[in-house]
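Read the structure below first, then the notes.
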Amino acid sequence: MKPFDRGVRSLFVALAVGLAWGIRGDFGHVLGASFPGAMLGLSFAFVSGQRAMFRWMPVMAAASALAIGAGGMMSYGILHGYAQSDTFINYSYGFFTLVLEGGAWGTFGCGILGLLLERDRVKLREWLTAPIVVALSGYAIFFVVVRVCGFHINPPRSDLSIAFTGGAIGWIAWLALTKRNYGLRGAILGYLGFGLGMAGARLLANASVHQPFPVNHWNIMEVGAGFFGGLVFAWGMLGPKAPEAPRKLPFTVLSVASAIYVMGLIPLLHRILRINPEKRIEEWVTALSGYSYVDAEAVSRMVLNTIHVTCALAFLGAAIWVLAFVNDRSQLRAFPALYLGAVMLLIQNLNVLYFFYPRQEGTINMHFVFWVLFSIMMVLAFFIQCKREDLPDADFERVPWLRWAVTGAVVYVLILAGATITNGEITMRSANTRWPVWAWSDGPFPR
């Protein structure tokens, strides 16, 4: 694949996952993380340019949604606080833990996408043994680090990210030992892309506080983490011809169920589990009253009803997707990623009253930026659909461990070098430290 072609396709994946991760920031936890996971599977299947990938798309999206969504159980707020500190021992530790946590987040979703597309189809016993290895490895590392050594990664928060790091080690080792090289490639690229992506995006967020226009630095980090993770994964995985998906009834049933889950249930669950109607209406009424709306309560109920309509439209999109899947209408392969992105963007915008609050002068409104990212996705989708589909095969049997390890180390060092410039008095206003254990809310840092 020519570099420009690969770059355009990789950019689409980067924008899709970056946008989704930015939206995820408003909802959080397992459910919130399932959305960027789903977008990773949908966008990668689309940009592959292969009809066979349209048959794989529902299962790929559901699998990556569940795998990346599981990472939502980890706590990472304080880790970002460490990376905002102005002392070397704390911010170097903070960026390192972000590499570990972002890597653990990405390696499972990216690895499972590669595993699904292995030429030699994965056996049932392998699907059963892999999670056992991951669980045992995760528990072993957690037991040694936390129970035996007594080390806590971000006190007083959960140490679950240590278990996820252990599980990622077991996952990569299992893929290497079973010679599942396409899955292994995906897992390592996911680890490097999302790990270094989260650390690098935090550096950009730190830098953003020094420019003159107010901006939500958390949104900068979230969008950047998804963008870099999706970009690295897509760039490194595009090329090989996908195997034909099974034409048997069980796979069709699984695919239909996956499409309904991804397109319909994920938005609906965001409404049910992450938007409390009574609490949100009260908050909306207060906000809208401040914006001089005469009947703020009526407008608030209209917002809630519009979210309900959007959730209903999500199931309509799922029905269209299922019909296209059953009838092999692969020319609609851009539809799932664009439709789900639009649905979730609308739900997020409505939830924060983006369409109702006055324009904020002199600020960078990230909700507007989200629409810019989505618009670029739509433009790219048009050109990607016009590309030829006879993509060349590639030999992905060799995993360049040394080159990737050296590249990752160099990028990490560059991130630390950048932090010497970006971190300081301003970032300390929302920082945490590990040595000593301190938070910005505790008063002046004990120098």
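The values are calculated or read from the model by the stated rules, or taken from the named source; none is laboratory data. Here the structure is a predicted model, which means the values were calculated and not measured. So basically every Cβ, Gly included, is an ideal-geometry build from the backbone, and we count neighbours across all protein chains shown.
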Subset of the range 1-54 [among the aliphatic types (A, V, I, L, M), surrounded by fewer than 24 Cβ atoms within 10 Å (Cβ to Cβ) and assigned to a helix (DSSP H, G or I)]: Val8, Leu11, Val30, Leu31, Ala52, Met53
The range 269-305, residues that are among the hydroxyl-bearing types (Ser, Thr, Tyr) and either touching a residue at least 40 places away in the same chain (Cβ under 8 Å) or out of contact with any Phe, Trp or Tyr (no Cβ under 9 Å at 6 or more places or on another chain) (or both): Thr286, Ser289, Tyr291, Ser292, Tyr293
Number of positions in the range 55-81 that are among the polar types (S, T, N, Q) and assigned to a loop (DSSP other than H, G, I, E, B): 1
Members of the range 412-447 that are in contact (Cβ under 8 Å) with a residue 40 or more places away in the chain, charged (D, E, K, R) and farther than 21 Å from Ser208 by Cα: Arg434
Candidates Leu192, Leu203 - the one that is more than 17 Å from Leu79 (Cβ to Cβ) and modelled with pLDDT of 95 or more: Leu192
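Test of understanding: among Leu273, Leu323, which residue is exposed (fewer than 15 other Cβ atoms within 10 Å of the Cβ) and within 28 Å of Ala201 (Cβ to Cβ)?
Sole residue among the options that is exposed (fewer than 15 other Cβ atoms within 10 Å of the Cβ) and within 28 Å of Ala201 (Cβ to Cβ): Leu273.
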Options Val59, Val17; residue that is more than 27 Å from Asn219 (Cβ to Cβ) and either among the acidic types (Asp, Glu) or in contact with a Ser or Thr (Cβ under 9 Å, 6 or more places away or on another chain) (or both): Val59
Set Ala312, Ala318, Ala298: member being among the aliphatic types (A, V, I, L, M) and surrounded by 14 or more Cβ atoms within 10 Å (Cβ to Cβ): Ala318
Cβ-Cβ under 8 Å pairs, at least 6 apart or on other chains, the range 172-198 side on the phi < 0 side of the Ramachandran plot, far side crowded, with 24+ Cβ neighbours inside 10 Å and among the acidic types (Asp, Glu): Gly195/Glu101; Met198/Glu101
